[in-house]
Amino acid sequence: MANPDDPKMRHISVAGGTYTILVSGEDTGGRYCLIDMLVPPAAARRRTVTTSRRCLRSWTARSSSLFRGKAQGTSAGSTVNIPANAPHAFKNMSNKPARLLCMCLPSGQEEFFMAVGDPVDSRTAPPPKLSDDERAERMQRARALSAKYRTELLV
């Protein structure tokens, strides 16, 4: 049983959002991970490629997804299937925080987020206030670790 509001869960602030690791690769023998993402209004995730993972993402709000260079709108309840090696990005198009349930097969993406993000106390905790230098350091860390976690940052 994974309760995203359990303070014992791993809650990670990444790029202004909060990602809660519901099921890790450690729990599934590396087969998949499941991440509950709380995405702020109008927040966009950088374009990435997860080179060996397929990702399924299901939204609770209106969003825009960029998939292989083509922008597509999604509504609450929509699911986006992102094959391995497919460039993609997303943006919360609503005026309130949106939840995104993200399953990655095989696991490993959750480890990347834990390596580059900042732990927070809960799923709804505000992200830490980072200076420009701290934000630059997080991005530098993400770039340095991306190959290890089979992720390519395109922007």
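Every number in this text was worked out from the coordinates using simple rules, so none of it is lab data. Because the structure is predicted, anything quoted here is derived from the model rather than measured. Every residue, glycine among them, receives a Cβ derived from its backbone with ideal geometry; neighbour counts consider all protein chains shown.
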Ranking V14, V39, A89 by how far each Cα lies towards the positive end of the charge dipole of the chain (+1 on Lys and Arg Cβ, -1 on Asp and Glu Cβ), the top one is A89
Once normalised by the length of the chain, the mean sequence separation of its alpha carbon contacts under 8 Å that are 6 or more apart gives a contact order in percent of 31
Across T28, T20, T79, the residue with the highest GNM fluctuation in the chain (Cα network, 10 Å cutoff) is T28
Per-residue Cβ contact counts at 10 Å, fewest first, order L38, L56, L105, L100 as L56, L105, L100, L38
Percent of all alpha-carbon pairs of segment 91-155 at distances over 15 Å, whole number, is 65
For the pair A86 and R143, the simple spin-label estimate (label points 7 Å beyond Cα toward Cβ) gives in nm 2.8
The lysines whose Cα lies under 29 Å from the Cα of K8, excluding any fewer than 8 residues away in the same chain, are K91, K96, K129, K148
